Amino acid sequence: FTLLYVLVNYTRQSCITYFNFAIRDVLNYMAAQKRIRAFLLFDESERDNRLLSTSFQDVLEIDKIDENSSKRPCQVICDLQEAQWEKNGKFSLKSIKFDAYPGDLICIIGSVGSGKSSLLQTLTGEITHFDGKVRLHGSFCYVPQESWIFSSTVKNNILFGKEYNSKLFQRVVRATALDAVSRNFLRNDR
């Protein structure tokens, strides 16, 4: 009889406790969902909040596209003479000019430290020390590169905790062109 009483009491307390947690979590979910929905339904801002300094305002122009225009509008016009993180800094981008149209795919390639990210950060307004002109028409989205590797060997990054399968491993190495790159590694991890 005592064992039955303990089991019933334990079950009752567990159910009540978890029921309370469930109600709390549902209420938190509903509040968060309401805030997220309100945020996602905001109208797109017409003003670019990156325009903080007057010197930057003089250089960056944001124009509206006439949607009834028959010719293909240019979305991004970049005519940089020079851009740098700090005035009189060592690193700078020089003489970069391009136009981008809707539907264009533009690849920015170069070796490490050549200024690929700095160019994109100039377009987004993060680098404000520059000469030249950048025009953005319409919406512009920048998604920064995030590293999905962890500090370990290439092999461990490919396996990602799974059991080693030689054929699959070699397929991944070839598909990602790591076989050519691996010649530059100090410790060849094949």
task = Look at Val172 and say whether it is assigned to a helix (DSSP H, G or I), of a type in the set (Val, Ile, Thr) and at pLDDT below 85.
result = no
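Somewhere in the range 55-67, is a residue modelled with pLDDT under 80 and over 23 Å from Gly132 (Cβ atoms)? Spell out how you get there, then give the answer.
The first filter runs over the range 55-67 and keeps only residues modelled with pLDDT under 80, leaving 55-67.
Narrowing further to those that are over 23 Å from Gly132 (Cβ atoms): 66-67.
Taking every residue of the range 55-67 in turn, at least one turns out to be modelled with pLDDT under 80 and over 23 Å from Gly132 (Cβ atoms).
Any idea which of Ile36, Ile127 is assigned to a helix (DSSP H, G or I), at pLDDT 70 or above, under 22 Å from the mean Cα position of the chain (by Cα) and among the aliphatic types (A, V, I, L, M)? Steps first, please.
On the way: Ile127 fails: assigned to a helix (DSSP H, G or I).
Being assigned to a helix (DSSP H, G or I), at pLDDT 70 or above, under 22 Å from the mean Cα position of the chain (by Cα) and among the aliphatic types (A, V, I, L, M) holds for just one of Ile36, Ile127, which is Ile36.
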inquiry  = Just to check your reading of the model, which residue among Ile108, Ile127 is surrounded by fewer than 18 Cβ atoms within 10 Å (Cβ to Cβ), among the hydrophobic types (A, V, I, L, M, F, W, C) and closer than 15 Å to Pro144 by Cα?
reply    = Ile108
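For (1) over 13 Å from Ile77 (Cα atoms); (2) out of contact with any strand residue (DSSP E or B) (no Cβ under 6 Å at 6 or more places or on another chain), each residue gets a yes or a no:
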site: Lys94; (1), (2): yes, no
site: Gly103; (1), (2): yes, yes
site: Cys107; (1), (2): yes, yes
site: Thr122; (1), (2): no, no
site: Lys133; (1), (2): no, no
note = Only unsatisfied item for Gly110, checking (1) of a type outside the set (Lys, Arg); (2) on the phi > 0 side of the Ramachandran plot; (3) at pLDDT below 80, is (3)
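The values are calculated or read from the model by the stated rules, or taken from the named source; none is laboratory data. The shown structure was predicted, so the numbers you read here are calculated from the model rather than taken from an experiment. All Cβ positions, glycine included, derive from the backbone under ideal geometry; neighbour counts span all protein chains shown.
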